[in-house]
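Following: one structure in structure tokens, then a few remarks.
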Amino acid sequence: MPNSVQRSTPDNLQSDTLIEAKLTEDDGTARYKVARVQRLRTLRDQTGHSRYVIACIAGRSFKVRREDMRRLLQATDGKVFTLSSMHLLIDQTRIREYGSQ
């Protein structure tokens, strides 16, 4: 696949949790990442799979684009983590089920 072509589906559609992560100061990159997360949500809904879609984000662009942040929160059912909330990622998602007891 040429470098200029981006995949619009995850490599493993059987994954229980899909995490998209991005640090950006560029509005266009933030918009693209939000669209990608929305696409993952659509794929999840179409397949009927109960997988989580999670976003881990940082950067100015996500702070100033309120509409994009709203769309991101909707697409992830609120599972959006920033640098200041990253410590909650395991406890607030099904990832905790994979930890050692």
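Quick look at the values:
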| quantity | calculated |
| --- | --- |
| Sequence of F62, F81 once ranked by neighbouring C-beta atoms within 10 Å, starting from the fewest | F81, F62 |
| Global geometry of segment 23-98, whether rounded, prolate or oblate, following the gyration tensor of its Cα atoms and the 1.5 cut on a/c | oblate |
| Summed residue charge, Cβ within 11 Å of A75's Cβ, Lys/Arg positive, Asp/Glu negative | +4 |
| Theoretical gain in end-to-end length, L83 to L23 [0.36 nm per residue, Cα-Cα removed] | 20.6 nm |
| Packing-based exposure ordering (other Cβ within 10 Å, fewest first) of V37, V64 | V64, V37 |
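All of the numbers you see were taken from the coordinates with simple rules; none came from a lab. This one's a predicted model, so the numbers in the text were calculated from it and none came from an experiment. Counting neighbours? That spans all protein chains shown, and the Cβs are built from the backbone with ideal geometry, glycine included.
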